[in-house]
1. Can you tell me which residue in the range 139-162 is farthest from the ligand (Cβ to nearest atom), limited to those that are in contact (Cβ under 8 Å) with a residue 60 or more places away in the chain and charged (D, E, K, R)?
2. Out of (1) assigned by TED's automatic domain parsing to the domain that holds ASN53; (2) more than 30 Å from ARG105 (Cβ to Cβ); (3) of a type outside the set (Ser, Thr, Tyr); (4) within 13 Å of the ligand (Cβ to nearest atom), the odd one out for GLY219 is which?
3. What pairs come out if I take residues in the range 25-42 that are under 14 Å from ALA305 (Cα atoms) and part of a helix (DSSP H, G or I) and pair them with residues that are within 11 Å of the ligand (Cβ to nearest atom) and among the acidic types (Asp, Glu) whose C-beta lies under 8 Å away, six or more apart or interchain?
4. Quick one: which of ALA168, ALA176 is more than 12 Å from TYR238 (Cα to Cα) and either assigned by TED's automatic domain parsing to the domain that holds ARG222 or without any contact (Cβ under 8 Å) to a residue 24 or more places away in the chain (or both)?
5. Looking at the range 59-89 only, could you name the residues that are outside any helix (DSSP H, G or I) and without any contact (Cβ under 8 Å) to a residue 24 or more places away in the chain?
6. Counting only residues that are over 24 Å from HIS165 (Cβ atoms) and either of a type in the set (Val, Ile, Thr) or within 11 Å of the ligand (Cβ to nearest atom) (or both), how many does the range 259-284 have?
7. Looking only at the range 176-186, count every residue that is in contact with a strand residue (DSSP E or B) (Cβ under 8 Å, 6 or more places away or on another chain) and more than 18 Å from LEU224 (Cα to Cα) and tell me the total.
8. Please report, ordered by residue number, the helices (runs of 4 or more DSSP H) entirely within the range 90-209 with at least 3 residues that are more than 30 Å from GLY278 (Cα to Cα) and among the hydrophobic types (A, V, I, L, M, F, W, C).
Amino acid sequence: MNRAENPASGGLNAVAIADVAVIGGSFAGISAALMLARGRRSVTLFDSGVTRNRFSAHSHGLFGHDGTPPDALRLAGRAQVLAYPTVALHEARVTAAVADGDSFRLTDDAGHTHVARRLLLATGQTDILPPLPGLAECWGITAVHCPYCHGYELADRPTGVLMLHPAALHQVQMLAHWTADRALFLHGQPLEDDMRRHLTAEGVAIHDAPVAALLHEAGQLRALVLEGGQQVAREAVYLGARTVFASDLALSLGCAVTEGPFGNHVVADEWGVTSVPGVFAAGDLARPMPSAPQAVADGAKAGVACHRSLMTFA
Ligand SMILES: Cc1cc2nc3c(=O)[nH]c(=O)nc-3n(C[C@H](O)[C@H](O)[C@H](O)COP(=O)(O)OP(=O)(O)OC[C@H]3O[C@@H](n4cnc5c(N)ncnc54)[C@H](O)[C@@H]3O)c2cc1C
(Lines give C-alpha, C1' and ligand atoms only; values in the text may rest on other atoms or scores of the structure.)
Protein backbone atom coordinates (compact mmCIF):
# COMPACT_ATOMS: atom_id res chain seq x y z
CA MET A 1 0.00 0.00 0.00
CA ASN A 2 1.22 3.51 -0.77
CA ARG A 3 0.80 6.33 1.67
CA ALA A 4 -0.03 9.96 0.97
CA GLU A 5 -0.53 13.10 2.89
CA ASN A 6 -4.04 14.03 3.79
CA PRO A 7 -4.62 17.69 2.88
CA ALA A 8 -7.97 17.57 4.69
CA SER A 9 -6.04 17.25 7.94
CA GLY A 10 -3.51 19.91 7.14
CA GLY A 11 -1.02 17.43 5.75
CA LEU A 12 -0.10 16.06 9.18
CA ASN A 13 -1.86 12.70 8.98
CA ALA A 14 -1.02 10.06 6.42
CA VAL A 15 -3.90 8.30 4.67
CA ALA A 16 -3.35 4.83 3.29
CA ILE A 17 -4.05 4.62 -0.44
CA ALA A 18 -5.92 1.43 -1.27
CA ASP A 19 -5.72 0.04 -4.77
CA VAL A 20 -9.52 -0.15 -4.91
CA ALA A 21 -12.39 1.15 -2.82
CA VAL A 22 -15.38 -1.14 -3.27
CA ILE A 23 -18.49 0.72 -2.16
CA GLY A 24 -21.38 -1.61 -1.31
CA GLY A 25 -20.73 -4.95 0.37
CA SER A 26 -23.48 -7.24 -0.85
CA PHE A 27 -23.77 -9.62 -3.80
CA ALA A 28 -21.94 -7.48 -6.36
CA GLY A 29 -19.48 -5.74 -4.04
CA ILE A 30 -18.29 -8.81 -2.16
CA SER A 31 -17.90 -10.73 -5.39
CA ALA A 32 -15.78 -7.90 -6.84
CA ALA A 33 -13.71 -7.60 -3.67
CA LEU A 34 -13.02 -11.34 -3.75
CA MET A 35 -11.53 -11.15 -7.25
CA LEU A 36 -9.42 -8.15 -6.30
CA ALA A 37 -8.21 -9.85 -3.12
CA ARG A 38 -7.30 -12.96 -5.06
CA GLY A 39 -5.36 -10.67 -7.39
CA ARG A 40 -3.45 -9.53 -4.29
CA ARG A 41 -4.69 -5.95 -4.44
CA SER A 42 -5.49 -3.85 -1.40
CA VAL A 43 -9.22 -3.30 -1.10
CA THR A 44 -11.21 -1.06 1.19
CA LEU A 45 -14.74 -2.42 1.33
CA PHE A 46 -17.45 -0.05 2.54
CA ASP A 47 -20.90 -1.28 3.47
CA SER A 48 -23.84 0.39 5.17
CA GLY A 49 -25.68 -2.97 5.34
CA VAL A 50 -29.03 -1.93 3.82
CA THR A 51 -29.48 -4.52 1.09
CA ARG A 52 -32.36 -4.49 -1.35
CA ASN A 53 -33.69 -7.94 -0.42
CA ARG A 54 -33.55 -7.45 3.35
CA PHE A 55 -37.35 -7.73 3.53
CA SER A 56 -37.30 -11.40 2.49
CA ALA A 57 -36.51 -14.25 4.85
CA HIS A 58 -34.90 -16.32 2.08
CA SER A 59 -32.94 -15.61 -1.08
CA HIS A 60 -33.57 -17.86 -4.05
CA GLY A 61 -31.85 -18.76 -7.29
CA LEU A 62 -28.18 -18.65 -6.31
CA PHE A 63 -26.94 -22.20 -6.60
CA GLY A 64 -25.30 -23.60 -3.50
CA HIS A 65 -27.30 -21.06 -1.48
CA ASP A 66 -30.88 -21.45 -2.69
CA GLY A 67 -33.17 -20.52 0.20
CA THR A 68 -30.45 -19.07 2.44
CA PRO A 69 -31.43 -15.98 4.49
CA PRO A 70 -29.99 -12.91 2.70
CA ASP A 71 -28.08 -11.64 5.71
CA ALA A 72 -26.48 -15.03 6.35
CA LEU A 73 -25.35 -15.06 2.74
CA ARG A 74 -23.89 -11.57 2.92
CA LEU A 75 -22.12 -12.20 6.23
CA ALA A 76 -20.65 -15.51 5.02
CA GLY A 77 -19.36 -13.78 1.88
CA ARG A 78 -18.01 -10.94 3.91
CA ALA A 79 -16.17 -13.32 6.29
CA GLN A 80 -14.59 -15.13 3.35
CA VAL A 81 -13.33 -11.97 1.71
CA LEU A 82 -12.05 -10.56 5.01
CA ALA A 83 -9.89 -13.66 5.42
CA TYR A 84 -7.65 -12.13 2.74
CA PRO A 85 -5.07 -9.92 4.45
CA THR A 86 -5.32 -7.13 1.87
CA VAL A 87 -9.03 -6.47 2.48
CA ALA A 88 -10.27 -3.99 5.09
CA LEU A 89 -13.95 -3.48 5.91
CA HIS A 90 -15.56 -0.24 6.99
CA GLU A 91 -19.14 -0.66 8.12
CA ALA A 92 -19.88 2.89 7.04
CA ARG A 93 -21.72 4.80 4.38
CA VAL A 94 -19.57 6.69 1.88
CA THR A 95 -21.10 10.15 1.62
CA ALA A 96 -18.80 11.76 -0.94
CA ALA A 97 -16.33 10.68 -3.60
CA VAL A 98 -14.26 13.00 -5.77
CA ALA A 99 -11.55 12.42 -8.34
CA ASP A 100 -8.24 13.79 -7.13
CA GLY A 101 -5.50 13.42 -9.76
CA ASP A 102 -4.89 9.72 -10.36
CA SER A 103 -6.94 8.64 -7.36
CA PHE A 104 -10.26 9.19 -5.59
CA ARG A 105 -10.85 10.77 -2.23
CA LEU A 106 -13.78 9.44 -0.19
CA THR A 107 -15.51 10.66 2.92
CA ASP A 108 -17.58 8.34 5.09
CA ASP A 109 -20.44 9.13 7.44
CA ALA A 110 -18.07 9.15 10.42
CA GLY A 111 -16.17 11.98 8.74
CA HIS A 112 -13.12 9.86 7.88
CA THR A 113 -11.21 10.35 4.63
CA HIS A 114 -10.06 7.45 2.46
CA VAL A 115 -8.09 7.39 -0.77
CA ALA A 116 -8.11 4.73 -3.50
CA ARG A 117 -6.72 4.43 -7.00
CA ARG A 118 -9.93 2.92 -8.39
CA LEU A 119 -13.57 2.98 -7.37
CA LEU A 120 -15.93 0.05 -7.77
CA LEU A 121 -19.52 1.06 -7.11
CA ALA A 122 -21.92 -1.70 -6.04
CA THR A 123 -24.39 0.40 -4.10
CA GLY A 124 -27.62 -1.09 -5.49
CA GLN A 125 -31.07 0.36 -5.87
CA THR A 126 -33.94 1.25 -3.55
CA ASP A 127 -37.52 0.27 -4.36
CA ILE A 128 -40.04 3.09 -3.96
CA LEU A 129 -43.31 1.42 -3.02
CA PRO A 130 -46.59 3.20 -3.71
CA PRO A 131 -48.04 4.45 -0.42
CA LEU A 132 -50.75 1.80 -0.06
CA PRO A 133 -51.62 0.77 3.50
CA GLY A 134 -50.45 -2.80 4.11
CA LEU A 135 -48.02 -2.94 1.18
CA ALA A 136 -44.81 -2.29 3.11
CA GLU A 137 -45.75 -5.01 5.61
CA CYS A 138 -46.25 -7.57 2.81
CA TRP A 139 -43.20 -6.51 0.74
CA GLY A 140 -40.77 -9.38 0.22
CA ILE A 141 -43.21 -11.86 1.80
CA THR A 142 -46.41 -12.00 -0.28
CA ALA A 143 -46.06 -8.72 -2.21
CA VAL A 144 -43.11 -9.33 -4.51
CA HIS A 145 -41.45 -8.22 -7.72
CA CYS A 146 -40.15 -11.35 -9.42
CA PRO A 147 -41.54 -14.84 -10.07
CA TYR A 148 -38.04 -16.35 -10.31
CA CYS A 149 -37.23 -15.09 -6.81
CA HIS A 150 -40.57 -15.87 -5.13
CA GLY A 151 -42.89 -17.62 -7.58
CA TYR A 152 -42.07 -21.18 -6.58
CA GLU A 153 -42.94 -20.56 -2.92
CA LEU A 154 -46.08 -18.54 -3.81
CA ALA A 155 -47.27 -20.94 -6.54
CA ASP A 156 -50.87 -22.07 -6.94
CA ARG A 157 -52.27 -19.23 -4.84
CA PRO A 158 -54.90 -16.70 -5.87
CA THR A 159 -52.49 -14.12 -7.28
CA GLY A 160 -52.72 -10.51 -8.38
CA VAL A 161 -50.55 -8.26 -10.49
CA LEU A 162 -50.66 -4.57 -9.62
CA MET A 163 -50.15 -2.48 -12.75
CA LEU A 164 -47.69 0.30 -11.98
CA HIS A 165 -45.94 -0.06 -15.34
CA PRO A 166 -46.82 -1.69 -18.72
CA ALA A 167 -44.42 -4.56 -17.81
CA ALA A 168 -47.26 -5.79 -15.58
CA LEU A 169 -49.00 -7.06 -18.74
CA HIS A 170 -46.03 -9.26 -19.51
CA GLN A 171 -45.81 -10.44 -15.92
CA VAL A 172 -49.47 -11.42 -15.61
CA GLN A 173 -49.08 -13.60 -18.71
CA MET A 174 -45.88 -15.21 -17.44
CA LEU A 175 -47.54 -16.06 -14.16
CA ALA A 176 -49.69 -18.65 -15.94
CA HIS A 177 -46.73 -20.97 -15.28
CA TRP A 178 -47.04 -20.45 -11.53
CA THR A 179 -50.79 -20.23 -10.87
CA ALA A 180 -54.13 -20.78 -12.58
CA ASP A 181 -55.83 -18.03 -10.53
CA ARG A 182 -54.67 -14.65 -11.84
CA ALA A 183 -56.11 -11.16 -11.49
CA LEU A 184 -54.82 -7.93 -12.99
CA PHE A 185 -55.33 -4.74 -10.98
CA LEU A 186 -55.16 -1.87 -13.45
CA HIS A 187 -55.01 0.63 -10.60
CA GLY A 188 -56.72 3.26 -12.75
CA GLN A 189 -54.45 2.71 -15.78
CA PRO A 190 -55.92 2.24 -19.28
CA LEU A 191 -55.90 -1.13 -21.07
CA GLU A 192 -56.28 -1.58 -24.81
CA ASP A 193 -59.35 -3.53 -25.88
CA ASP A 194 -57.34 -6.22 -27.70
CA MET A 195 -55.23 -6.91 -24.62
CA ARG A 196 -58.31 -6.88 -22.38
CA ARG A 197 -59.98 -9.46 -24.62
CA HIS A 198 -56.82 -11.58 -24.77
CA LEU A 199 -56.27 -11.62 -21.01
CA THR A 200 -59.94 -12.27 -20.28
CA ALA A 201 -59.87 -15.22 -22.71
CA GLU A 202 -56.80 -16.50 -20.83
CA GLY A 203 -58.81 -16.46 -17.61
CA VAL A 204 -57.30 -13.33 -16.05
CA ALA A 205 -59.83 -11.37 -13.95
CA ILE A 206 -59.41 -7.64 -14.60
CA HIS A 207 -60.13 -4.95 -12.00
CA ASP A 208 -60.12 -1.37 -13.24
CA ALA A 209 -60.53 0.57 -9.99
CA PRO A 210 -57.46 1.84 -8.13
CA VAL A 211 -56.27 -0.30 -5.25
CA ALA A 212 -56.72 1.47 -1.91
CA ALA A 213 -55.07 -0.96 0.54
CA LEU A 214 -53.82 -4.48 1.15
CA LEU A 215 -55.40 -6.58 3.88
CA HIS A 216 -52.94 -8.95 5.51
CA GLU A 217 -52.01 -10.85 8.66
CA ALA A 218 -48.34 -10.42 9.55
CA GLY A 219 -47.42 -9.92 5.90
CA GLN A 220 -49.60 -12.79 4.64
CA LEU A 221 -51.83 -11.15 2.06
CA ARG A 222 -55.56 -11.83 2.35
CA ALA A 223 -57.16 -9.33 -0.06
CA LEU A 224 -56.70 -6.22 -2.15
CA VAL A 225 -59.19 -3.51 -1.29
CA LEU A 226 -60.34 -1.38 -4.22
CA GLU A 227 -61.43 2.23 -4.01
CA GLY A 228 -65.14 1.96 -3.32
CA GLY A 229 -64.57 -0.82 -0.80
CA GLN A 230 -64.67 -4.04 -2.87
CA GLN A 231 -62.33 -6.69 -1.47
CA VAL A 232 -60.69 -9.13 -3.88
CA ALA A 233 -59.27 -12.16 -2.06
CA ARG A 234 -55.61 -12.67 -3.04
CA GLU A 235 -52.72 -14.43 -1.33
CA ALA A 236 -49.90 -13.04 -3.44
CA VAL A 237 -49.41 -9.88 -5.47
CA TYR A 238 -46.64 -8.93 -7.93
CA LEU A 239 -45.58 -5.37 -8.66
CA GLY A 240 -42.67 -3.60 -10.30
CA ALA A 241 -41.85 -0.68 -8.05
CA ARG A 242 -40.07 2.43 -9.25
CA THR A 243 -36.40 2.42 -8.26
CA VAL A 244 -33.87 5.07 -7.28
CA PHE A 245 -30.15 4.75 -6.70
CA ALA A 246 -29.43 3.74 -3.11
CA SER A 247 -26.53 6.19 -3.20
CA ASP A 248 -25.94 9.26 -5.37
CA LEU A 249 -22.18 8.64 -5.65
CA ALA A 250 -22.38 7.50 -9.29
CA LEU A 251 -24.25 10.69 -10.18
CA SER A 252 -21.93 12.98 -8.26
CA LEU A 253 -18.92 11.35 -9.95
CA GLY A 254 -20.51 12.08 -13.32
CA CYS A 255 -21.20 8.49 -14.44
CA ALA A 256 -23.53 8.33 -17.44
CA VAL A 257 -26.91 6.83 -16.62
CA THR A 258 -29.74 5.51 -18.74
CA GLU A 259 -33.41 4.88 -18.15
CA GLY A 260 -34.68 1.33 -17.63
CA PRO A 261 -38.24 0.11 -17.19
CA PHE A 262 -38.40 0.97 -13.48
CA GLY A 263 -35.73 3.64 -13.02
CA ASN A 264 -32.25 4.72 -14.06
CA HIS A 265 -29.16 2.56 -14.01
CA VAL A 266 -25.50 3.39 -14.56
CA VAL A 267 -24.22 2.80 -18.08
CA ALA A 268 -21.42 0.22 -17.87
CA ASP A 269 -20.05 -2.24 -20.40
CA GLU A 270 -20.06 -5.99 -19.73
CA TRP A 271 -16.91 -5.53 -17.61
CA GLY A 272 -18.43 -2.83 -15.44
CA VAL A 273 -16.44 -0.02 -17.08
CA THR A 274 -18.37 3.26 -16.67
CA SER A 275 -18.06 6.55 -18.53
CA VAL A 276 -15.75 7.91 -15.81
CA PRO A 277 -12.11 6.73 -15.99
CA GLY A 278 -11.19 4.62 -12.98
CA VAL A 279 -14.80 4.06 -11.89
CA PHE A 280 -16.41 0.64 -12.27
CA ALA A 281 -20.02 -0.32 -11.48
CA ALA A 282 -21.69 -3.66 -10.83
CA GLY A 283 -24.92 -5.23 -9.63
CA ASP A 284 -28.37 -3.66 -9.59
CA LEU A 285 -26.83 -0.19 -9.85
CA ALA A 286 -25.73 -0.99 -13.40
CA ARG A 287 -28.45 -3.33 -14.68
CA PRO A 288 -32.13 -2.78 -15.44
CA MET A 289 -33.39 -5.96 -13.78
CA PRO A 290 -32.53 -7.03 -10.22
CA SER A 291 -30.95 -10.43 -9.66
CA ALA A 292 -28.65 -11.70 -6.92
CA PRO A 293 -26.82 -14.32 -9.05
CA GLN A 294 -26.36 -11.81 -11.84
CA ALA A 295 -25.06 -9.23 -9.36
CA VAL A 296 -22.51 -11.83 -8.23
CA ALA A 297 -21.47 -12.41 -11.85
CA ASP A 298 -21.33 -8.67 -12.61
CA GLY A 299 -19.23 -8.11 -9.50
CA ALA A 300 -16.77 -10.84 -10.43
CA LYS A 301 -16.31 -9.40 -13.94
CA ALA A 302 -15.96 -5.82 -12.73
CA GLY A 303 -13.47 -6.98 -10.10
CA VAL A 304 -11.34 -8.63 -12.76
CA ALA A 305 -11.56 -5.64 -15.09
CA CYS A 306 -10.69 -3.26 -12.29
CA HIS A 307 -7.74 -5.48 -11.35
CA ARG A 308 -6.48 -5.45 -14.93
CA SER A 309 -6.83 -1.68 -15.12
CA LEU A 310 -4.16 -1.48 -12.41
CA MET A 311 -1.65 -3.45 -14.49
CA THR A 312 0.66 -2.22 -17.22
CA PHE A 313 0.72 -4.32 -20.38
CA ALA A 314 3.29 -4.00 -23.17
C1 LIG B 1 -37.87 -8.09 -1.49
C2 LIG B 1 -36.83 -8.56 -2.46
C3 LIG B 1 -36.47 -9.89 -2.51
C4 LIG B 1 -35.52 -10.33 -3.42
N5 LIG B 1 -35.25 -11.66 -3.51
C6 LIG B 1 -34.37 -12.10 -4.43
C7 LIG B 1 -34.12 -13.50 -4.59
O8 LIG B 1 -34.70 -14.34 -3.89
N9 LIG B 1 -33.23 -13.86 -5.55
C10 LIG B 1 -32.60 -12.96 -6.36
O11 LIG B 1 -31.82 -13.35 -7.23
N12 LIG B 1 -32.81 -11.63 -6.21
C13 LIG B 1 -33.67 -11.19 -5.27
N14 LIG B 1 -33.90 -9.86 -5.15
C15 LIG B 1 -33.06 -8.92 -5.92
C16 LIG B 1 -31.73 -8.76 -5.16
O17 LIG B 1 -32.00 -8.29 -3.86
C18 LIG B 1 -30.81 -7.78 -5.85
O19 LIG B 1 -30.69 -8.12 -7.23
C20 LIG B 1 -29.42 -7.84 -5.20
O21 LIG B 1 -29.53 -7.51 -3.84
C22 LIG B 1 -28.47 -6.88 -5.91
O23 LIG B 1 -27.22 -6.94 -5.28
P24 LIG B 1 -26.30 -5.65 -5.21
O25 LIG B 1 -25.04 -6.11 -4.55
O26 LIG B 1 -26.24 -5.00 -6.52
O27 LIG B 1 -27.09 -4.61 -4.27
P28 LIG B 1 -27.62 -4.78 -2.77
O29 LIG B 1 -27.76 -6.20 -2.40
O30 LIG B 1 -28.83 -3.91 -2.64
O31 LIG B 1 -26.43 -4.18 -1.88
C32 LIG B 1 -26.02 -2.84 -1.97
C33 LIG B 1 -25.16 -2.60 -0.73
O34 LIG B 1 -24.51 -1.34 -0.87
C35 LIG B 1 -24.61 -0.65 0.37
N36 LIG B 1 -24.48 0.78 0.10
C37 LIG B 1 -25.29 1.57 -0.65
N38 LIG B 1 -24.81 2.83 -0.68
C39 LIG B 1 -23.68 2.82 0.07
C40 LIG B 1 -22.74 3.84 0.41
N41 LIG B 1 -22.85 5.09 -0.04
N42 LIG B 1 -21.70 3.50 1.22
C43 LIG B 1 -21.56 2.23 1.68
N44 LIG B 1 -22.42 1.22 1.38
C45 LIG B 1 -23.47 1.53 0.57
C46 LIG B 1 -25.97 -1.04 0.91
O47 LIG B 1 -26.07 -0.80 2.31
C48 LIG B 1 -26.00 -2.53 0.55
O49 LIG B 1 -25.40 -3.32 1.55
C50 LIG B 1 -34.86 -9.39 -4.26
C51 LIG B 1 -35.21 -8.04 -4.20
C52 LIG B 1 -36.19 -7.62 -3.33
C53 LIG B 1 -36.57 -6.17 -3.30
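1. For the range 139-162, the residue satisfying everything is ARG157.
2. Failed condition: (1).
3. From the range 25-42, the pairs are ALA28/ASP284; ALA28/ASP298; GLY29/ASP47; SER31/ASP298.
4. Only one candidate passes the filter, namely ALA176.
5. Selection gives GLY64, HIS65, ASP66, GLY67, THR68, PRO69, ALA83, PRO85.
6. 5
7. Residues flagged as in contact with a strand residue (DSSP E or B) (Cβ under 8 Å, 6 or more places away or on another chain) and more than 18 Å from LEU224 (Cα to Cα) within the range 176-186 amount to 2.
8. Output list reads 135-138, 167-174, 193-201.
The values are calculated or read from the model by the stated rules, or taken from the named source; none is laboratory data. Keep in mind it's a predicted model, so treat the numbers as computed, not measured. Cβ atoms come from the backbone with ideal geometry, glycine included; neighbour counts cover every protein chain shown.
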